[in-house]
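Accompanying notes for the structure given below.
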Amino acid sequence: MKGRDQLQVVWEEGEGAKVSTSSMAKEYARLAATPGLVARKDEDAPAVLARASRVLEAEYDVPYLAHATMEPLNCFVDLKGDSCLIRTGSQFQTVDRAAAARVAGLKPEQITFETTFLGGGFGRRACPASDFVIDAVQVAKAVKAPVKVIRTRDDDMRAGFYRPMFHDRIRACLDGNGYPLAWHQRIVGQSIIAGTPFESAMVKNGIDETSVEGAADTPYAIPNLLVELHTTRNSVPVLWWRSVGHSHTAFVMESFLDELAHAAGKDPFQYRRDLLTKHPRHLKALETAAEKAGWGKPLPAGRGMGIAVHESFGSFIAQVAEVSLGAKGELRIHRVVCAIDCGRIVNPDTIMAQMESGITFGLSAALYGAITLKDGRVQQGNFHDYPIVRMAAMPEVEVHIVPSDEPPGGVGEPGVPPIAPAVANALFAVSGARVRSLPITPEKIAAALKKG
Amino acid sequence: MIVLHVNGKERRVDVTPDTPLLWVLREKLGLTGSKFGCGEGLCGACTVHVDGVAQRSCVTTVGEVRGKKVVTIEGIPESHPVKKAWLAQDVSQCGYCQPGQIMGAVALLKKKPRPTDADIDTAMSGNLCRCGTYGRIRRAIHAAAGKGGKKS
């Protein structure tokens, strides 16, 4: 560290020198007002909306997010003339070994890649660019000795790769019974797959399927549905982050659907039940969570509940969040009741642990996490300005597993998407404040309360 | 040469007094149970005991702990009620923060043998866990305190 402090570096700032969250936000909002590539089209939403007497419209925003694993990126390399030992935590051994071989001038078979236990991955250690491995190999080449490269927390947080920032614009109208008749959604954000070896498999007709998953394939019975995508390009390095596209689509879908329920004067749980009659697994998860949470029963004064249901990675999860809003605008999450249908189960405790884990991870993004940029630089560097959930803020979590004989689905990621909308919906229920951008900060709550 | 007392033994290390204790423990003494998470005392992964008090070793210099008793995760016996409770509750996921969590819990229980949930909030909120094991940590602390995991 002392040696590093002595370095005098002149940086060539490159194309990203002027990148800022505020300029990107303006550009994204501008794009959302123009047609994009069609990801889903059922009937004719724009025509129905054009005729509608009442159109509900909302814009949603989520920021760049860091994985912020407890173990900063690190890698050990012992490079010799015709062989190489690499020791690191990795979710992507094949890709990392191939990258190391390229940089070292060796064949992949000449590289021994030892995977250590890993202090958190959440997708960060599955980087198609193999950045932290390539860094260490390049250092090993230069120093000609075994080397372990460890990133400082600051470097780890400021160098990317991030879950991309997204902006959504939705316009909808209701039928005579208050159910969604037409829904026109535009999604604006970077593609995490473009420029990676996965592009040919996962980007079809210009649409990165991970940008629209959870939205374009919504299960809700909406007769006129149009989902469009604008893929933006800028110099911010992006990557999958626990639950990938669902990490933002669930917040948007489950929040806006809640807004429609309230506009229709209907209970948000009943509204969803009515729209999911053809989807028994979503329905069962939803009903289980609502029942176990005591949805509809009187709550202690000052408390409210919000609900969300979302399918991802083959599993169906519903969550109910019970919250209160303090006199100074402090949002407190008291309890989360989670129901999961993940198909045939092997180890129930692992499922519960992963739901507890995903909920905590998603809650950090719902309440605190934001990576912002100004003048090409990330503004956050450590846990004081990129906070995560701590013991004192952790709600009680109850997990109920829906018995099933279906093929097994995932549990590592699916617990993440529903918590942000469940909390946002609970906040609305308890206070009338609708916050449409994450993280839900006291300032945004105050502004939403003023809007009434 | 600096003389330290670590896990009941006298250890001599040839470092400058301003060297962070965490790096001395890991690189000079081979005690790699204490982890580097943030380098600024913000995450708790480096927590050790100095004279029985939980302290962040990444922002503690070796000079500061001369003549004091340092205990690391390696110095907590496997039979300790906290370690046993951790296993019984299946607390750990990735495990990276857990040595620091255990050190925090052991120090808390020394001070408050029957901590309330508020005590746990205060004592443990400096130990971050990205895997979300907080609920199980809380249950394990109550179990180790002899409450059988019941909330106070």
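Which of the numbered conditions does A:VAL227 fail, given that it passes all the others? Conditions: (1) in contact (Cβ under 8 Å) with a residue 12 or more places away in the chain; (2) farther than 30 Å from A:SER53 by Cα; (3) aliphatic (A, V, I, L, M); (4) not assigned by TED's automatic domain parsing to the domain that holds A:ARG97.
Condition (2) is where A:VAL227 drops out.
If I filter region B:7-17 for residues that are within 18 Å of B:ALA105 (Cβ to Cβ), surrounded by 15 or more Cβ atoms within 10 Å (Cβ to Cβ) and within 14 Å of another protein chain (Cβ to nearest Cβ), do I get at least one hit?
no
Every residue in region A:343-363 that is within 11 Å of chain B (Cβ to nearest Cβ) and either touching a residue at least 40 places away in the same chain (Cβ under 8 Å) or basic (Lys, Arg) (or both), please.
Those that are within 11 Å of chain B (Cβ to nearest Cβ) and either touching a residue at least 40 places away in the same chain (Cβ under 8 Å) or basic (Lys, Arg) (or both): A:THR350, A:MET352, A:GLN354, A:MET355, A:GLU356, A:SER357, A:GLY358, A:ILE359, A:PHE361, A:GLY362, A:LEU363.
Here is a check on your reading of the model: is A:GLU291 surrounded by fewer than 24 Cβ atoms within 10 Å (Cβ to Cβ) and of a type in the set (Asp, Glu)?
Yes; evaluated as a whole, the condition is true for this residue.
Report, by residue number, each residue of region A:75-96 that is touching an Asp or Glu at 6+ places or on another chain (Cβ under 9 Å) and either assigned to a strand (DSSP E or B) or without any contact (Cβ under 8 Å) to a residue 40 or more places away in the chain (or both).
Across region A:75-96, the qualifying residues are A:CYS75, A:PHE76, A:CYS84, A:LEU85, A:ILE86, A:ARG87, A:THR88, A:GLY89.
Let's see how each residue does on (1) within 20 Å of A:THR441 (Cα to Cα); (2) among the polar types (S, T, N, Q); (3) in contact with a Phe, Trp or Tyr (Cβ under 9 Å, 6 or more places away or on another chain); (4) at pLDDT below 95:
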{"site": "A:LEU257", "(1), (2), (3), (4)": "no, no, yes, no"}
{"site": "A:ASP274", "(1), (2), (3), (4)": "no, no, yes, no"}
{"site": "A:HIS282", "(1), (2), (3), (4)": "no, no, yes, no"}
{"site": "A:LEU286", "(1), (2), (3), (4)": "no, no, yes, no"}
{"site": "A:GLY296", "(1), (2), (3), (4)": "no, no, yes, no"}
{"site": "A:MET305", "(1), (2), (3), (4)": "yes, no, yes, no"}
{"site": "A:ILE317", "(1), (2), (3), (4)": "no, no, no, no"}
{"site": "A:GLU322", "(1), (2), (3), (4)": "yes, no, no, no"}
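For region A:103-146, give me the residue count where each residue is within 14 Å of chain B (Cβ to nearest Cβ) and outside any loop (DSSP other than H, G, I, E, B).
Number of matching residues: 1.
Quick one: is B:ASP121 of a type in the set (Asp, Glu) and away from chain A (no Cβ under 14 Å)?
no
Which residues, taken from region A:1-23, are under 26 Å from the mean Cα position of the chain (by Cα), surrounded by fewer than 12 Cβ atoms within 10 Å (Cβ to Cβ) and part of a loop (DSSP other than H, G, I, E, B)?
none
Filter region B:18-42 for residues that are more than 14 Å from chain A (Cβ to nearest Cβ) and either of a type in the set (Gly, Ala, Ser) or surrounded by fewer than 17 Cβ atoms within 10 Å (Cβ to Cβ) (or both) and give the result.
Once the filter is applied, which keeps residues that are more than 14 Å from chain A (Cβ to nearest Cβ) and either of a type in the set (Gly, Ala, Ser) or surrounded by fewer than 17 Cβ atoms within 10 Å (Cβ to Cβ) (or both), region B:18-42 yields only B:GLY30.
Counting just the residues of region A:24-79 that are among the polar types (S, T, N, Q) and away from chain B (no Cβ under 14 Å), which one comes out surrounded by the fewest Cβ atoms within 10 Å (Cβ to Cβ)?
Top of the filtered list is A:SER53.
Go through region B:104-139 and give me each residue that's touching a residue at least 60 places away in the same chain (Cβ under 8 Å), in contact with a helix residue (DSSP H, G or I) (Cβ under 8 Å, 6 or more places away or on another chain) and buried (at least 24 other Cβ atoms within 10 Å of the Cβ).
B:GLY104, B:ASN127
Can you confirm whether A:ALA318 is more than 12 Å from chain B (Cβ to nearest Cβ), within 18 Å of A:HIS248 (Cβ to Cβ) and within 18 Å of the chain's Cα centre (by Cα)?
No; evaluated as a whole, the condition is false for this residue.
Which of the residues spanning region A:370-384 are under 21 Å from B:GLY100 (Cβ atoms) and more than 8 Å from chain B (Cβ to nearest Cβ)?
Passing the criteria: only A:GLY381.
Looking at region A:323-337 only, could you name the residues that are surrounded by 24 or more Cβ atoms within 10 Å (Cβ to Cβ) and within 12 Å of chain B (Cβ to nearest Cβ)?
Listed by number, the list holds a single entry, A:VAL336.
So which helices (runs of 4 or more DSSP H) stay within region A:347-452 end to end and still have 1 or more residues that are of a type in the set (Asp, Glu) and surrounded by fewer than 19 Cβ atoms within 10 Å (Cβ to Cβ)? Write out each step before concluding.
Details: elements: A:348-367, A:419-431, A:442-451.
Correct list: A:348-367, A:442-451.
Given the criterion outside any helix (DSSP H, G or I), more than 13 Å from every other protein chain (Cβ to nearest Cβ), under 25 Å from B:HIS142 (Cβ atoms) and not β-branched (Val, Ile, Thr), identify the matching residue among B:ALA45, B:ALA54.
Only one candidate passes the filter, namely B:ALA54.
Can you confirm whether A:ASP61 is within 25 Å of A:ALA250 (Cβ to Cβ) and assigned to a strand (DSSP E or B)?
Yes.
Of these, A:ASP156, A:ASP168, which one is closer than 29 Å to A:THR232 by Cα and in a helix (DSSP H, G or I)?
A:ASP156 is the lone residue from the list that is closer than 29 Å to A:THR232 by Cα and in a helix (DSSP H, G or I).
Need the failing condition index for A:HIS248 against (1) surrounded by fewer than 19 Cβ atoms within 10 Å (Cβ to Cβ); (2) under 18 Å from the mean Cα position of the chain (by Cα), just the number.
In the conditions (1) surrounded by fewer than 19 Cβ atoms within 10 Å (Cβ to Cβ); (2) under 18 Å from the mean Cα position of the chain (by Cα), A:HIS248 misses (1) alone.
The values are calculated or read from the model by the stated rules, or taken from the named source; none is laboratory data. In this text, all values refer to a predicted model and were calculated from it rather than measured experimentally. Glycine gets a Cβ as well: all are built from the backbone with ideal geometry, and neighbour counts include every protein chain shown.
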